[in-house]
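Chemist: Quick one: the structure is below, and I'll ask about it shortly.
The values are calculated or read from the model by the stated rules, or taken from the named source; none is laboratory data. This structure is a prediction, so every number in the text was calculated from the model and none was measured. When we count neighbours, we look across all protein chains shown, and the Cβ atoms used for this are built from the backbone with ideal geometry, even at glycine. Surface accessibility is based on the protein's heavy atoms, side chains included, excluding ligands, DNA and RNA. Shrake-Rupley method; radii C 1.70, N 1.55, O 1.52, S 1.80 Å.
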Amino acid sequence: MITLENATKRYGTTTVVDGVSATIPGGGVTSIIGPNGAGKSTLLSMMSRLLPLDAGTVHVDGLDVSTTPGRVLARTLGILRQENQLTVRLTVRDLVGFGRFPHNGGRPTVLDREHIERALDYLDLSGLADRFVDELSGGQRQRAFIAMVLAQDTDVILLDEPLNNLDMKHSVEMMQLLRRLVDELGKTVVLVIHDINFASCYSDTLMAMRDGAVIHQGPPEEIMTPAVLRDVYDVDIQVELIRGHRIGVYFA
Amino acid sequence: MRAKTDPLPTAVLQSTRKPVRTVPPRAWIVVLGTAAAALVAAFLLVGLEGNLAYVLPRRLNRVGAMILVAVAVAVSTVLFQTVTGNRILTPSIMGLDALYVLIQTVLVFALGARTVLTMPTTARFSIEVVLMVAFSWLLYRWLFAGGGRSLHLLLLAGIVFGVFFRGASSLLQRLMDPSEYIILQDLFFASFNRVDPTLLYVSALVVAGLCVPAWRLRHRLDVLALGRDTAVGLGVDHRRTVTLVLVICSVLVAVSTALVGPATFFGLLVSALAYQLCSRFRHAVVLPIAVLLGVIALVGGQLVLEQVFAFDTALSIVIEFTGGIVFLVLLLKGRVR
Ligand SMILES: Nc1ncnc2c1ncn2[C@@H]1O[C@H](COP(=O)(O)OP(=O)(O)O)[C@@H](O)[C@H]1O
Ligand SMILES: [Mg+2]
């Protein structure tokens, strides 16, 4: 569970996240949606202590992200950034192995190797394990980084736009994977996502942001309505029920 | 909630590990270590004649200075490149060498060449080390104050400072007596022949003392090399580690430069080669390989120049020339990140 209390971030005189108080339930997929510049990435970075808070607090599973030692927090909270560039030459298995760093400080044990192999397996990367990361396609590299976060074995995983650069097939696979992490492994997954329909189909909770504030939060049935979506995006969006999922139609 | 130590529940563990078809890094360490030891022995023993009590300590002194510079420059370069996330810039290129030249120029300009050459070496050494550490520390602190992600600012600032120091030096050199300038010029290239034994011992203590924390940081540095955000996500205290590494780097480079003189591209040469030899990036292997390559380049180069070409002082020029070419090649290949 993640608890935000009055979380605030300012750059100079502009406040980009404005006193957000919210609770993200444990053991589910929560998608943060909203227009460009709403403050989604900033909020996620604050939750993952990549950005310091200017005011307020964030607790992840009871740990205050501003004061908990990094190593301790890293055993509870795993993060995947939007861009994942490597300047060093590593194999996929080496990269995934870094996920164990918070547990072993760089000295792998037998248990760590097991975690690594299973994370590789879970992401269907066993065949690529000895390839160098810089020789992979964008989608494969994305999966390698997710495997690293998985090997980290945290209860909470935060992802910033994990569908960026993925084609349709890989986007679907990514969302199914995140669903499996929650359904099979009981993890808490929070992601920033632009496609409201992916968010609607795969999330337990939607969190809508606008102008640095969380203006709506609830299950897809509550958020995926023309009125709420108009409030968030200033666009008229029809919502159709297709095979049990709420799909927004805004293309024409 | 499942137990924290439970691995992910999947089917059988697959063991599809294929060997990577490259020389394992540890084999490189053995090969390079043997080569370095052989070169050091050869340097000490080849053509050893005359008064041993005079010749041998002198040779030991010179080879000691070379090993010390190899360690200081290789370690500081690899560490600096890891925390700044680039493979092209080194502390020397960041303006430190230009500052060394400026210090020498100012000293010669203000006191005259004779005074500078005859003043106590410890005094000159201390002035240089203190000024260079102070400069690099101020530069890094100022640059990393804003959250530690201003690499491009760091690069730009280093270049601007370098240009400024060089400009100031050449202005003073133009105003200087030509005969003083000729003496001054001699100080601009690294030389292992004029190293004072006392300074060598002090420097060796400092360098050894800094290599201990550097080595203990090796696993954290591996994580740091993945980039700031990933490192923070994996629990590394980014700010503290970067600060510590920059302190280590600034002292290492200052000591080495004050001891033998500037070696702008030497660090780049050994780090670029070390990365080439390491099929997988790990500080635990890159650091020793870079150090050994440094020892081989300096001791081997000096040996060849002295024994084969009967030259004495040209080594640093040859190394700088090679390193400069590596620098250009890296730049042209666009590996600036
Ligand atoms: N380092 C920064 N300095 C100043 N403004 C920033 C900085 N980072 C983000 N912002 C501003 O904060 C706002 C929110 O950004 P962001 O959280 O990235 O939005 P989103 O992810 O919702 O598109 C934007 O208006 C952006 O311009
Ligand atoms: Mg964003």
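Chemist: Using only the alpha-carbon atoms of the stretch B:33-143, report the extent along each of the three principal axes, biggest first, to the nearest angstrom.
Modeler: Here the spans come out as 53, 41, 17 Å, largest first.
Chemist: Could you grab the relative contact order for chain B? Cα pairs under 8 Å, six or more apart, rounded to a whole percent. Present the calculation step by step, with values, prior to reporting the outcome.
Modeler: Values: 375 pairs, mean separation 116.1, N = 337.
Result for chain B is 34 percent.
Chemist: Using a Gaussian network model of chain B whose springs link C-alpha atoms within less than 10 Å, name the residue from B:Arg124, B:Arg114, B:Arg141 with the highest mean-square fluctuation.
Modeler: Highest fluctuation among the options: B:Arg114.
Chemist: Given C-alpha coordinates of the stretch A:73-122, what is the ratio Rg to Rh with the Kirkwood estimate of Rh?
Modeler: Details: Rg = 11.5 Å, Rh = 12.0 Å.
Reported Rg/Rh (Cα atoms, Kirkwood Rh): 0.96.
Chemist: Now, a different point. Just to be sure I follow the rule: in the protein assembly as shown, considering lysines 8 or more places apart or on different chains, how many pairs have Cα atoms under 24 Å apart?
Modeler: Details: A:Lys9/A:Lys40; A:Lys40/A:Lys187; A:Lys169/A:Lys187; A:Lys187/B:Lys4.
For the protein assembly as shown, the number of qualifying lysine pairs is 4.
Chemist: Equivalent ellipsoid semi-axes for the stretch B:210-318, as square roots of 5 times the alpha carbon gyration tensor eigenvalues: give them largest first, rounded to whole Å. Spell out each step's value before the answer.
Modeler: Numbers: eigenvalues 206, 52, 20 Å².
So the three semi-axes of the stretch B:210-318 are 32, 16, 10 Å.
Chemist: OK, next. Multiply the residue gap between B:Tyr201 and B:Asp237 by 0.36 nm, knock off their C-alpha separation, and tell me the result in nm, one decimal place.
Modeler: On the way: separation 36, 0.36 × 36 = 12.96 nm, distance 3.40 nm.
Working it through step by step, the gained length comes to 9.6 nm.
Chemist: Hey, what's the Kirkwood Rh for the stretch B:188-256 if you take every pair of different alpha carbons, in angstrom? The partial results should precede the final answer.
Modeler: Details: mean 1/r = 0.0722 Å⁻¹.
For the stretch B:188-256, the Kirkwood estimate is 13.9 Å.
Chemist: Distance in nm between label sites at A:Asp134 and B:Ala42, each 7 Å beyond Cα in the beta-carbon direction?
Modeler: 3.3
Chemist: Over its Cα atoms, what ratio of radius of gyration to 2.2 N^0.38 Å does the stretch A:58-176 give? Before the final figure, lay out each step's value.
Modeler: Working: Rg = 14.3 Å, N = 119, 2.2 N^0.38 = 13.5 Å.
Normalised Cα radius of gyration, the stretch A:58-176: 1.06.
Chemist: With N denoting the number of residues in the protein assembly as shown, provide Rg(C-alpha) divided by 2.2 N^0.38 Å, to two decimal places. Before the final figure, lay out each step's value.
Modeler: Details: Rg = 28.5 Å, N = 589, 2.2 N^0.38 = 24.8 Å.
Against the empirical 2.2 N^0.38 Å value, I get 1.15 for the protein assembly as shown.
Chemist: Counting each pair of different Cα atoms once, what's the Kirkwood radius of chain B in Å, rounded to one decimal?
Modeler: Numbers: mean 1/r = 0.0466 Å⁻¹.
Final number for the Kirkwood radius of chain B is 21.4 Å.
Chemist: Here is a follow-up. Please compute the Kirkwood hydrodynamic radius over the stretch B:269-324, one decimal place, Å, based on all pairs of different Cα atoms.
Modeler: 12.1
Chemist: Can you give the accessible area of B:Thr243 in Å² (nearest 10), computed on protein heavy atoms with a 1.4 Å probe?
Modeler: Surface accessible to solvent at B:Thr243 totals approximately 50 Å².
Chemist: Could you sort B:Thr115, A:Thr3 by their accessible area in this structure, using a 1.4 Å probe and putting the largest first? Write out the running numbers ahead of the final one.
Modeler: Numbers: B:Thr115 65, A:Thr3 35 Å².
Ranked list, largest accessible area first: B:Thr115, A:Thr3.
Chemist: Can I ask one more? Under 5 Å between amide H atoms, partner at least 5 residues away or on a different chain: which partners does A:Arg210 have, H built in plane at 1.01 Å?
Modeler: Close amide H contacts, sequence-distant or interchain: A:Ile215.
Chemist: What ranking of B:Arg218, A:Arg75 comes out by heavy-atom accessible area, probe 1.4 Å, highest first? Walk me through the numbers on the way to the answer.
Modeler: Numbers: B:Arg218 45, A:Arg75 85 Å².
The residues order as A:Arg75, B:Arg218, largest area first.
Chemist: Now, a different point. Using helices alone, what [θ] at 222 nm do you get for chain B, with -39,500 (n - 2.57) per DSSP H run of 4 or more residues, divided over all residues and rounded to the nearest 500? Please list the in-between numbers first.
Modeler: Numbers: 14 runs with 231 residues, N = 337.
Mean residue ellipticity, 222 nm, calculated: -23000 deg cm²/dmol.
Chemist: Roughly what angle does helix A:138-151 make with the longest principal axis of chain A, taking Cα atoms, 0 to 90 degrees, to the nearest 10?
Modeler: Approximately 80 degrees, to the nearest 10.
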